[in-house]
1. Consider Arg105 carefully, then state whether it is at pLDDT 90 or above, within 20 Å of Phe78 (Cα to Cα) and open to solvent by 50 Å² or more (accessible area, probe 1.4 Å).
2. Run Leu87 past the list (1) among the aliphatic types (A, V, I, L, M); (2) touching a residue at least 24 places away in the same chain (Cβ under 8 Å); (3) buried (at least 19 other Cβ atoms within 10 Å of the Cβ); (4) over 16 Å from Ala209 (Cα atoms) and report the number of the one that doesn't hold.
3. From the list Ser75, Ser44, Ser51, Ser40, exactly one residue is closer than 29 Å to Gly216 by Cβ, touching a residue at least 12 places away in the same chain (Cβ under 8 Å) and either part of a helix (DSSP H, G or I) or open to solvent by 40 Å² or more (accessible area, probe 1.4 Å) (or both). Which is it?
4. Which numbered condition in (1) modelled with pLDDT of 95 or more; (2) more than 21 Å from Ile176 (Cα to Cα); (3) not basic (Lys, Arg) is the only one that Val89 fails?
5. For region 5-33, which positions are charged (D, E, K, R) and buried (at least 20 other Cβ atoms within 10 Å of the Cβ)?
Amino acid sequence: MTLEFRDILVRQGQFTLTADLTLPRGGRFAVIGPSGSGKSTLLSLIGGYLSPDRGRLIWDGQDLADQAPGQRPVSTLFQNHNLFPHLSVKRNVGLGLRPDLRLDRHQQQRVAEALQQVGLAGMEERRPAALSGGQQSRVALARVLLRARPLLLLDEPFSALGPALKSEMLSLLSRIADDTGATVLMVTHDPADARAFAPQTVLIENGQARPPRPTGPLLDDPPPGLRAYLG
């Protein structure tokens, strides 16, 4: 299975983004580029929140254009984690299985196992406000783990965390990606995150999402636009 951007063009006012590239299944890709270059636009296109003005988005031979966001084989993790403050940890995670939270015994066991995997056993009844930032990240990751969608999109999910905790979350994310076999695209502004997590990087500059390149060599010798952005 591959994710194919076939002659994609997205227009938003004066801004345009083009993409003509292929991402193999199971790959881990950083998405990096200057502010406003279209990184989040690319994720919104995959998630179904934007439609291309031209071209096709193909997953496993199927055009995703006619699929609503909820029907797509996609999970998205945002910086704010999209946790519901009035729900307990286990209910926030359970949403990954059933939006109505009518979980049977087997599904409840799966929630408990996911919380165990991310190191939150014993915190099932806590509310998000009673958790640290790192613990909230773990709740969001547990929900992603239960959804087990083949495409996982991350829009700077750990940017608010300190370096040590961020490293811990990236390691946990790597384990989840290995367990699920998901294709992962992670938007980041931090080259260290890209090096730590993603063997390949999609560079977006001058309105174009470029085919993936090995992360280390790209960041060691970046093109002028990326060099200016990274400083």
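1. Working: at pLDDT 90 or above: yes; within 20 Å of Phe78 (Cα to Cα): no; open to solvent by 50 Å² or more (accessible area, probe 1.4 Å): yes.
Spelling it out, it is not the case that Arg105 is at pLDDT 90 or above, within 20 Å of Phe78 (Cα to Cα) and open to solvent by 50 Å² or more (accessible area, probe 1.4 Å).
2. (3)
3. On the way: Ser75 fails: either part of a helix (DSSP H, G or I) or open to solvent by 40 Å² or more (accessible area, probe 1.4 Å) (or both); Ser44 fails: touching a residue at least 12 places away in the same chain (Cβ under 8 Å); Ser51 fails: closer than 29 Å to Gly216 by Cβ.
Only one candidate passes the filter, namely Ser40.
4. In the conditions (1) modelled with pLDDT of 95 or more; (2) more than 21 Å from Ile176 (Cα to Cα); (3) not basic (Lys, Arg), Val89 misses (2) alone.
5. Quick first cut of region 5-33, residues charged (D, E, K, R) only: 6-7, 11, 20, 25, 28.
Matches in region 5-33: Arg28 only.
The values are calculated or read from the model by the stated rules, or taken from the named source; none is laboratory data. Since the structure is predicted, the reported quantities are computational estimates derived from the model, not experimental observations. When we count neighbours, we look across all protein chains shown, and the Cβ atoms used for this are built from the backbone with ideal geometry, even at glycine. The accessibility values were calculated without ligands, DNA or RNA, using every heavy atom of the protein model including side chains. Shrake-Rupley method; radii C 1.70, N 1.55, O 1.52, S 1.80 Å.
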